[in-house]
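So the structure is just underneath, and the comments pick up after that.
The values are calculated or read from the model by the stated rules, or taken from the named source; none is laboratory data. Please read these numbers as outputs of a predicted model, since none were measured by experiment. Cβ atoms come from the backbone with ideal geometry, glycine included; neighbour counts cover every protein chain shown.
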Amino acid sequence: MKNILFILHLPPPVHGSSRVGLLIKESTLINNAFECRYINILASRKLNETGQTSYQKIFRFVGLWFQLLIEIIKKKPDICYMALTSTRAAFYRDVLLVALLRFFRIKRVYHLHNKGVKRCQRSKINRLLYRFVFKDADIIILSKLLYKDIKTYVPVSRVYICPNGVEETPANIKNRKIKPEDPVQILFLSNLILSKGIVVLLDACSLLKEKKIDFKCHLIGGEDELNAFQLNDYVKQKGLEEHVDYLGMKYGREKRAAFARADIFAFPTCNDCFPLVLLEAMCDGLPVVSTFEGGIPDIVEEGITGFLVPQRNAKALAEKLEVLIKNPELRQQMGKAGRLKYKKEFTLEIFEQRLKNILQHLSYQE
C-alpha cells in the first residue's frame, strides 16, 4: 500500500478549499486505498485572518515546517499531496514547504483550489519561485478552463482534471410548487467578500425593484470584508429593506432549509475557480445565475441549468433574474437539468473516485 502524506486545508475557517480538505480526510475510499497521513496547512483560524500576516501565524508556520520535517524523517512518503496556494503571502509560506519536499526528493502533486499565477508572474521574483515550485510536479486542477493560469510553468502532460463534488442531499424540486401569489425567493450564499459579487447582486435587486418586480433576496454568509452593519446600511441606501434580508451564517439543517425555500440561486462572483456552493444549489434543483469566471462555465450550462452573465454587470444580472422570476416553468426546467448534471458529474462519490484514480496513477509512476 502506497504511503501518501496529505498537506491540506482543514476548517476552521470554512471555505471551499478547507471543505474539500475535510472531505478528503474523511473519505473512506481514499483512506482504504492508501496509507494516509494528514497535516493541516491552514494558518488562519478565522475568516478575517485570511490573507493577513501576524506573529501568531508565523509561529504556526514554524511549527508546521518542523511537523513536516518530522513526518518525512519518520516515514518518507511515496507521494506528497499538497493543497498549494498560488498567490499572496500564503504562496511564499508554501514555497518553504516545497523546498523541504524537494530537498528530500519527494514526488509532489499540487491540488489547486485557487488561481492568480498568470497575474502574479509579472514580478520577476514570483516567476523564479513559480519555476521552482512547479518544476517536476504534477498538478490537479478543477476545470480545463483553469489550465491557462499555469500553462507557462506546467506542461499539459502533468495536468489532471478533478472537478469538486459535494455530498448529496434530498432534492426539493417536487416541493417547489408554482405559486404566483408568493414572491420569488432569490438566495445568495457566501462569506461577505466583495469579489463574490454581493454588491453587484444588491445593485441588480435595486433595478428589479425599480421595475416593480416582486421578489425576496436572502443573503447568507459570514462577515468578512463587509460586516452586518455595512451590508444593512447599503441595503437601506438602496431602499431594499422590504426585499433583502441578511440572515448571517447558516449550517447543517438551517442551510439546507434555506436552499429548500429558494427558487433561484444567484452568485455573481468575479474571483473564483470552482465554487462548491453552485454544486450545492444544483444538487438541490435550483436554477443558477452566475458569471463567466474560472471553471464556472463547466458547472453551469448557459440556458440549460441556468444563466451566465459578465462580471460586475448588475444590469445583465437583473435581466436574467427577471427572466427566471417571470417564468416559473423555466425555473423548474433548469432546476431539474441542474440536478441531473450534478448527479452525473459532481457527486461526492464521483469526486472521491476521480481523486483516488489520479493518486493511484501517480503513486505507481516511476
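Looking only at the stretch 266-285, filter to residues that are among the acidic types (Asp, Glu) and not in a helix (DSSP H, G or I); which one of those is farthest from Val200 (Cα to Cα)?
Looking at residues that are among the acidic types (Asp, Glu) and not in a helix (DSSP H, G or I), I get Asp284.
Suppose we keep only residues that are of a type in the set (A, V, I, L, M) and part of a loop (DSSP other than H, G, I, E, B) within the stretch 1-22. Which one would you say is modelled with the highest pLDDT?
So, considering only residues that are of a type in the set (A, V, I, L, M) and part of a loop (DSSP other than H, G, I, E, B), the one modelled with the highest pLDDT is Leu10.
Inside the stretch 23-53, can you point out the residues that are at pLDDT below 95, within 18 Å of Leu64 (Cβ to Cβ) and outside any loop (DSSP other than H, G, I, E, B)?
Matches in the stretch 23-53: Glu49 only.
Out of the residues in the stretch 278-302 that are surrounded by fewer than 24 Cβ atoms within 10 Å (Cβ to Cβ) and under 13 Å from the mean Cα position of the chain (by Cα), state the one that is nearest to Phe346 (Cα to Cα).
So, considering only residues that are surrounded by fewer than 24 Cβ atoms within 10 Å (Cβ to Cβ) and under 13 Å from the mean Cα position of the chain (by Cα), the one nearest to Phe346 (Cα to Cα) is Glu280.
Among the residues of the stretch 342-366, write down those that are under 24 Å from Lys76 (Cα atoms) and not in a helix (DSSP H, G or I).
Tyr364, Gln365, Glu366
Does the stretch 262-277 include one or more residues that are without any contact (Cβ under 8 Å) to a residue 40 or more places away in the chain and either within 17 Å of Ile186 (Cα to Cα) or surrounded by fewer than 24 Cβ atoms within 10 Å (Cβ to Cβ) (or both)? Please lay out each step first, then the result.
Residues of the stretch 262-277 that are without any contact (Cβ under 8 Å) to a residue 40 or more places away in the chain, as a first pass: none.
No, every residue in the stretch 262-277 fails to be without any contact (Cβ under 8 Å) to a residue 40 or more places away in the chain and either within 17 Å of Ile186 (Cα to Cα) or surrounded by fewer than 24 Cβ atoms within 10 Å (Cβ to Cβ) (or both).
Just to verify a result, which residue in the stretch 244-265, among those that are out of contact with any strand residue (DSSP E or B) (no Cβ under 6 Å at 6 or more places or on another chain) and assigned to a loop (DSSP other than H, G, I, E, B), is farthest from Leu192 (Cα to Cα)?
Restricting to residues being out of contact with any strand residue (DSSP E or B) (no Cβ under 6 Å at 6 or more places or on another chain) and assigned to a loop (DSSP other than H, G, I, E, B), the top hit is Tyr251.
Within the stretch 59-89, work out how many residues are within 23 Å of Cys162 (Cα to Cα) and either among the aliphatic types (A, V, I, L, M) or surrounded by fewer than 20 Cβ atoms within 10 Å (Cβ to Cβ) (or both).
6
Report the residue count in the stretch 195-234 for those that are within 22 Å of Val277 (Cβ to Cβ) and acidic (Asp, Glu).
4
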